[in-house]
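> Got a structure for you, written out below as structure tokens; questions coming shortly.
The values are calculated or read from the model by the stated rules, or taken from the named source; none is laboratory data. Predicted, not measured: the structure shown is a model, and the values here were computed from it. Cβ placement follows ideal geometry from the backbone for every residue including glycine, while neighbour counts extend to all protein chains displayed. Please note that ligands, DNA and RNA were not included when accessible areas were found on the heavy atoms of the full protein model with its side chains. Shrake-Rupley method; radii C 1.70, N 1.55, O 1.52, S 1.80 Å.
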There are 4 protein chains.
Amino acid sequence: MAAMMKAAVFVAPGRIELADKPIPDVGPDDALLRITTTTICGTDIHILKGEYPVAPGLTIGHEPVGVIEKLGANVRGYREGQRAIAGAICPGFRSHACQDGHPSQDGGPLGHGYKPMGGWRFGNTVDGTQAEYVLVPDAEANLAPVPDGLSDEQVLMCPDIMSTGFAGAEAGNIRIGDVVAVFAQGPIGLCATAGARLRGASLVIGVDGVAGRLEMARRMGADVTVNFREVDVVEEILRLTGGRGVDVAIEALGLQSTFEAALRVLKPGGTLSSLGVYSEDLRIPLGAYGAGLAEKNIVSSLCPGGKERMRRLMNIVASQRVDLGPMVTHTFKLDDIVAAYDLFGHQRDGVLKVAIKPS
Amino acid sequence: MAAMMKAAVFVAPGRIELADKPIPDVGPDDALLRITTTTICGTDIHILKGEYPVAPGLTIGHEPVGVIEKLGANVRGYREGQRAIAGAICPGFRSHACQDGHPSQDGGPLGHGYKPMGGWRFGNTVDGTQAEYVLVPDAEANLAPVPDGLSDEQVLMCPDIMSTGFAGAEAGNIRIGDVVAVFAQGPIGLCATAGARLRGASLVIGVDGVAGRLEMARRMGADVTVNFREVDVVEEILRLTGGRGVDVAIEALGLQSTFEAALRVLKPGGTLSSLGVYSEDLRIPLGAYGAGLAEKNIVSSLCPGGKERMRRLMNIVASQRVDLGPMVTHTFKLDDIVAAYDLFGHQRDGVLKVAIKPS
Amino acid sequence: MAAMMKAAVFVAPGRIELADKPIPDVGPDDALLRITTTTICGTDIHILKGEYPVAPGLTIGHEPVGVIEKLGANVRGYREGQRAIAGAICPGFRSHACQDGHPSQDGGPLGHGYKPMGGWRFGNTVDGTQAEYVLVPDAEANLAPVPDGLSDEQVLMCPDIMSTGFAGAEAGNIRIGDVVAVFAQGPIGLCATAGARLRGASLVIGVDGVAGRLEMARRMGADVTVNFREVDVVEEILRLTGGRGVDVAIEALGLQSTFEAALRVLKPGGTLSSLGVYSEDLRIPLGAYGAGLAEKNIVSSLCPGGKERMRRLMNIVASQRVDLGPMVTHTFKLDDIVAAYDLFGHQRDGVLKVAIKPS
Amino acid sequence: MAAMMKAAVFVAPGRIELADKPIPDVGPDDALLRITTTTICGTDIHILKGEYPVAPGLTIGHEPVGVIEKLGANVRGYREGQRAIAGAICPGFRSHACQDGHPSQDGGPLGHGYKPMGGWRFGNTVDGTQAEYVLVPDAEANLAPVPDGLSDEQVLMCPDIMSTGFAGAEAGNIRIGDVVAVFAQGPIGLCATAGARLRGASLVIGVDGVAGRLEMARRMGADVTVNFREVDVVEEILRLTGGRGVDVAIEALGLQSTFEAALRVLKPGGTLSSLGVYSEDLRIPLGAYGAGLAEKNIVSSLCPGGKERMRRLMNIVASQRVDLGPMVTHTFKLDDIVAAYDLFGHQRDGVLKVAIKPS
């Protein structure tokens, strides 16, 4: 009889519950990770609400920090007992999509292998990380040892939001001396703010409507913040830039209003780097887009994964370039994850990120 | 008393007429070009209809081929009597926008100098090329001698549509072996088709609804063509690519329908390269955009100008990489330009481009 | 008792001989390819001469065209009996080097996984392709089906020299309208010539000292050729370019003289794209390098591999963008491979590439 | 009779002396800048020694901070009395070289206009900045107002060494999480160290042989420093990187030994970004270069100029991303410039940069 573990599973819209599931068997290319810390992502709230469909019974969560419990027979380069993380996206690097430069869009080995978001497996197409154990697929490609001296909390952002937020700065191709505005200062936007600063922007403008988030934005690297509840964001940013507009605008929420404001404050020739998950058709206003002639490019990114990405992000943490620790505002036991969902889903008590601890 | 010349001027919506105007004085940085051949652009039709406002009395046209009649005192590197062209866009290369990599968005020396389309001067903010003479601003930056042996017709596409169409292929960053679909095979789309082939695409798919244009598309480099009046374009392109979609989709018309089809046939991670001039807000369908997570980038280009760009394009013509000559379907005297507008504006008689000859 | 096959093995410097070896066992990630055509590469001649050391008894060769005889248990997306090729370089795409963008430099799973040329396995660190059968490692990443209608000879260049030569054009970042000089018109140089043309150069200059190769260069896309035995190459290229120099110079031989000439004809700001395998220290002349201030960049490439690269290259062949078939000047049975080495090694009879057929 | 000014002029090898020269006339495209602070560059020492030839009587110096005394008739966008700087390199942005992306290699309007270092004019081909006044050529392209609140010393590095050092980081295309080694921590190397940090490197290693410079390196952003007089640099850097090597190595001195060490510590696939001015042929060791197959790219940069670059660099200073002020170790009156050359040329008293003040 298989050993059992606790896991947070999607039951039906509105219901994610703790359940007992067998600890998974380890295939030759897999690794079994004993979770020491994981977290809840905004995407999980979409799943909870039934807005993003997953199979009933699936374990949710895609941000693992843990200890290698067991390695598959083919997995070289690690040892059991080692602390490790894996990206929220676990690309199959053999695929056409990966070899073509789009690992997050890998759709498996058959056909040509492009599938939107196909690289996202944990808590989407396979059991996720809000559990005592998780099986890491293609572990040799996806498992990354945690450098000595880093705590779980310090690397907890690496699998998803740090990778995503930084990707916003990278895809925007921020250059030394750029002015960057980041729309929304939730966890992803805060990481984008930190990433913009890290890439050499000379002015980082953080936008949000919650004072606590704006304060955190300044802590993460924003030079100035704009509260959209108090001023007209577009006018204020044009004022701050002497009418020039920004070189790069990062959208980190997924609403028409933030997307549109980002486009409006962008200089001709600038780049709108989109990170948000939208829930309805987007509209590009003719004027802000210069009728197609203003050379405003719109790029988007989906959380880069793989062990090399994780290695780089953890090194950024280890070298103290950014300290994302303050973003972990609450800690829960896995046993209490339903309460954690409640707090996080309703954005109560100034929550930014919660740490979930199986033991 | 100033010598006079004939010029096609915008009078009022619906009226572009031939008028007598003084031959312009030549400032120290200018060159006076005696026009030998020019043409009418789709943009000029927007001006004619009053959809794009210009000052009454302005000479229209932005595609000059001619002979240097007189050089300003500061203009070095040319001689009077030399055949030359200038780009439709004449950037002021001293501007912040140019030095920052966006010459078509140059808005002059004051402030920080970004203005959407600011580099477009001929027939927009200064007198244009549908005249016996045109003044080329900042001539040392913008005037390009025509290589020996090339006819006016051979270089007539360089100032605008060849530069624009090729920019669509370049901005899409087409790689060797890419599959590219070009939506609409008017003059710009045909040049984008030629440009996609020139950049190393292994399959170029031309889309239009007019048989004659599809035939011309094959002549310009399309491997296959799709008539949207006969088949469902999206289904057909997915069929042609085995379900994979295209690496790069070029929009060359400016309609919601072509923009949307371009997005739908694009693989995750692909690039939509937009060239069209839109006349209403654009809509990005949620599904085709993967809710923002499919990493489909949307880039746009505005006709690169300057003497180096013109030099490169004319060299492509001179080395017989492409032959855009067949696109010149009709020739008119400048005296008959009103008739030329009528033919071109109504797309009669299979017209693609008209050559206008002052003498 | 294992079934046996014939294979060309390195015995000692100066001796590559046909031997009987067991047909290899197929591991879970491997595929066994029955070779129908392979070839000899210049690198194999270095091995023959003992200039590049390999283990005695190793089967030589790294350019496989064949039929899938047997698939490992984990290899999905193929079927036995399918015609397929694999790249000369078979990267392990799980490695840090691959995920970091350097698949040819992949050094395996341990440590950080960078090893110069580490992705080159066939005929280097594992048994190669000059045999009746070859084992393709990590087959799901490296095996590429041959499109219907293409002959063995048509795709025989894809695994190595087409991938390498085209990489020279790609790494040089050739832009539309560039002038490109390719130094040496052996098989790699000829492919670089074809690649330069395919990327949109307006003038491709082929350099060699053998009339037959210069003729082939013109056939592969060179606009003009320069025979270094007849003229001073540097002077002639500066003359051809009006003193401007070339935008990109591709070195395709591996000698100081070609490297140096490439640097001398390069415009300030241009790129020297190196493909050659050098056998002694290189010298950068101070003057040609502008003392470090002329912004002449020197890049190099090692044959990109993987199934996506092979797919793209075969599509280029299938769409008739280039016809490398004429480069196969001779055909030998595998039984006669020693004679083939003799002919190819001594460059007799105008040989460019030989086809080797096991049956 | 023309008004006179003091200027430091090259007389003969070994002799730079203060002389009286007429204050230059202001042409229509020029601006006359009254120098408030300038400095001496390592290049000036080469000129002093006669190693880099300039015309006798030329005013030396290329790093101007001053006040606009008089604007030429055509120069728009500035006002007299405004504080301003100009880059050490003053490109003529109308040239083919500039429009082609290589402003520092602009060789003027005739021919195709590439000339190594052609954009360097001050103290090279026209009178320089070690004087009471300097004439800024093409002022509208090259003059950049100093933001309020910044001192002369704070922006004194922008015209040359900050632009050069940062260009080393930019040309190396440093990515988030890269490991970067900077060879030599003189003024340029210190700026490269600051630039590497600013671009998101996770580990910056500063190399030099002088304790004071290593201390300054740590202040400018180096995480660790290596003294080549105490350890074997190559071994130490390989040790620090766990055998992996560095992603980017920046050469900031101009010697074979530093160039070679940079190549040796570079991972396969890495980039050597060269900033040094070499004085003899460079040698690329075969092994460190992987015989051409290790894909180690060698790029070089020459101090980007122009008003947009200056604007960006001053904004970096204004936003306190870096503080290069501590690099100004000494201040001299222009009257005492011969003594300043003596101190700086002999690297006495821990000198890094000297400020020269005309009044």
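> Calculate the spin-label point distance for residue A:73 paired with residue A:20, positioning each point 7 Å from the Cα along the beta-carbon direction, and give it in nanometres.
3.1 nm
> Put a point 7 Å out from Cα along the line to Cβ at residue D:232; what are the distances to that point in the other copies, in nm, shortest first?
Relative to the other copies, residue D:232 has label-point distances of 4.5, 6.8, 6.8 nm.
> Follow-up. From the residues B:359, B:328, B:248, which one has its Cα farthest along the dipole of region B:210-359 in the positive direction, the dipole being from +1 and -1 charges on Cβ of Lys/Arg and Asp/Glu about the Cα centre?
B:359
> Okay, moving on. What are the ³J(HN,Hα) couplings of region A:317-327, residue after residue, when phi is run through the Karplus curve with 6.51, -1.76, 1.60 and θ = phi - 60°? Round to Hz, x for glycine and proline.
5, 4, 8, 6, 6, 9, 10, 8, x, x, 6
> Could you go through region B:343-357 in sequence order and give the Karplus-derived ³J(HN,Hα) for each residue, using 6.51 cos²θ - 1.76 cosθ + 1.60 with θ = phi - 60°, rounded to whole Hz, and x for Gly and Pro?
Those phi angles translate into 4, 5, x, 9, 6, 8, 6, x, 5, 10, 10, 10, 9, 10, 10 Hz.
> Using Cα-Cα distances under 8 Å and only pairs 6 or more residues apart, what relative contact order does region C:1-129 have, in percent? Walk me through the numbers on the way to the answer.
Working: 274 pairs, mean separation 28.3, N = 129.
Reported as a whole number, the value is 22 percent.
> Report the gain in length on full extension from residue C:336 to residue C:4: 0.36 nm times residue separation, minus Cα-Cα distance, nm rounded to one decimal. Please report the intermediate quantities before stating the final value.
Details: separation 332, 0.36 × 332 = 119.52 nm, distance 1.83 nm.
Fully extending the segment from residue C:336 to residue C:4 adds 117.7 nm.
> How many angstrom lie between the C-alpha centres of region C:292-344 and region B:295-310?
The two parts, judged by their Cα centres, are 33 Å apart.
> Still on this model: Give me the distance between the Cα centres of region C:1-35 and region C:236-250, rounded to whole Å.
Computed from Cα coordinates, the inter-centre distance equals 48 Å.
> Given H placed 1.01 Å from N in the peptide plane, which residues other than close sequence neighbours of residue A:70 have an amide H under 5 Å from its amide H?
A:32
> Now a separate question. Heads up, I need the accessible area for residue B:225: 1.4 angstrom probe, whole protein in place, Å², nearest 10.
In the full protein context, residue B:225 sits at about 40 Å².
> With chain C treated as a Gaussian network of Cα nodes joined by springs under 10 Å, which of C:100, C:20, C:247 yields the largest mean-square fluctuation?
C:100
> Where the centre of each part is set by its Cα atoms, how far does region A:161-181 sit from region C:61-96, in angstrom?
About 38 Å separates the Cα centre of region A:161-181 from the one of region C:61-96.
> What residue in chain B has the Cβ closest to the axis turning B into D, and how close is it in whole Å?
Smallest Cβ distance to the axis, with its residue: B:93, 2.
> With n ≥ 4 as the cut-off for DSSP H runs, can you work out [θ] at 222 nm for the protein assembly as shown, using -39500 (n - 2.57) per run divided by the number of residues, rounded to the nearest 500? Working shown, then result.
Numbers: 44 runs with 352 residues, N = 1436.
Using -39500 (n - 2.57) per qualifying helix, the result is -6500 deg cm²/dmol.
> Residue D:21: which lysines have alpha carbons under 20 Å from its alpha carbon, excluding same-chain residues fewer than 8 sequence positions away?
Cα-Cα hits under 20 Å: D:6, D:70, D:333, D:357.
> Relative contact order for chain A: what is it in percent, counting Cα pairs under 8 Å that are at least 6 residues apart? It would help to have the intermediate numbers written out before the result.
Details: 880 pairs, mean separation 62.6, N = 359.
For chain A, the relative contact order is 17 percent.
> Using Cα atoms only, what is the angle between the long axis of helix D:187-198 and the major principal axis of chain D, expressed in degrees (0 to 90) to the nearest 10?
70 degrees
> With a Förster radius of 25 Å, plug the Cβ-Cβ distance of residue B:320 and residue C:346 into 1/(1 + (r/R0)^6) and report the FRET value to the nearest 0.05. Can you show the working numbers first?
On the way: r = 39 Å, r/R0 = 1.55.
The value I calculate is 0.05.
> What gaps in nm, shortest first, separate residue C:359 from its twins in the other copies when you place the label 7 Å past Cα toward the beta carbon?
Spelled out, the distances from residue C:359's label point are 5.8, 7.8, 9.5 nm.
> Now a separate question. Mind checking the log10 I(q)/I(0) for region D:164-300 at q = 0.12, 0.18, 0.22 Å⁻¹? Debye, one equal scatterer per Cα, no solvent, two decimals.
Relative scattering, expressed as log10 I(q)/I(0), comes to -0.37, -0.88, -1.39.
> Sticking with this structure for a sec: When Cβ neighbours within 10 Å are restricted to other protein chains, what is their mean count per residue of peptide D:306-318?
Working: counts 6, 6, 11, 4, 2, 6, 11, 3, 2, 7, 6, 1, 2.
Mean shielding count: 5.
> Follow-up. 7 Å from Cα along Cα→Cβ at both residue C:80 and residue D:218: what's the point-to-point distance in nm?
Inter-label distance under the simple model: 6.6 nm.
> State, to one decimal in nm, how far the label point of residue A:257 lies from the label point of residue B:255, with both points 7 Å from Cα in the Cβ direction.
3.5 nm
> Let me ask another. Write down the Kirkwood hydrodynamic radius of region C:84-240, to one decimal in angstroms, obtained as one divided by the mean of 1/r over all alpha carbon pairs. Write down the numbers at each step before the final one.
Details: mean 1/r = 0.0574 Å⁻¹.
One over the average 1/r among Cα pairs gives 17.4 Å for region C:84-240.
> Among rounded, prolate and oblate, which fits the protein assembly as shown when a ≥ b ≥ c are the square roots of the eigenvalues of its C-alpha gyration tensor, a/c under 1.5 means rounded, and a/b larger than b/c means prolate? List each step's numbers first, then the result.
Numbers: a/c = 1.26, a/b = 1.20, b/c = 1.05.
Since a/c stays below 1.5, the shape of the protein assembly as shown is classed as rounded.
> Taking the label point as lying 7 angstrom from Cα along the Cα-to-Cβ axis, what are the distances from residue D:209 to the corresponding position in the remaining copies, in ascending order and in nanometres?
4.2, 6.4, 7.6
> Would you kindly find the accessible area of residue B:215, with a 1.4 Å probe and non-protein molecules such as ligands, DNA and RNA excluded, rounding to the nearest 10 Å²?
Its heavy atoms expose roughly 120 Å² to the probe.
> OK, next. Kindly provide the pair-distance distribution of region C:86-167 built from C-alpha pairs, with 10 Å bins from 0 and whole-percent values in order of increasing distance.
Result returned by the calculation: 18, 47, 29, 6, 0.
> In degrees from 0 to 90, rounded to the nearest 10, what is the angle of the helix B:211-220 Cα long axis to the longest principal axis of chain B?
80 degrees
> List the pair-distance distribution P(r) of region C:1-136, using every Cα-Cα distance, as the percent of pairs falling in each 5 Å bin from 0 up to the bin containing the longest distance, rounded to whole percents.
2, 11, 18, 21, 20, 16, 9, 3, 0
> Tell me, what is the percent relative contact order of region B:317-356, built from C-alpha pairs under 8 Å that lie six or more residues apart? Let's see the in-between values first.
On the way: 33 pairs, mean separation 19.5, N = 40.
Contact order relative to length: 49 percent.
> Counting only residues 5 or more places away or on other chains, whose amide H sits under 5 Å from the amide H of residue A:106 once H atoms are built in the peptide plane?
Sorted by chain and number, the residues that satisfy this are A:115, A:118, A:119.
> Could you report the accessible area of residue A:332 in Å², rounded to 10, computed with a 1.4 Å probe on the protein chains as they sit in the structure?
Here the residue's solvent-accessible area equals roughly 40 Å².
> log10 I(q)/I(0), Debye, Cα-only chain B, no solvent, q = 0.09, 0.10, 0.15 Å⁻¹?
Results for chain B at q = 0.09, 0.10, 0.15 Å⁻¹ read -0.48, -0.60, -1.30.
> Still on this structure: From the protein chains alone at 1.4 Å, what is the descending order of accessible area for C:346, B:330, largest first?
Numbers: C:346 120, B:330 35 Å².
Order by accessible area, largest first: C:346, B:330.
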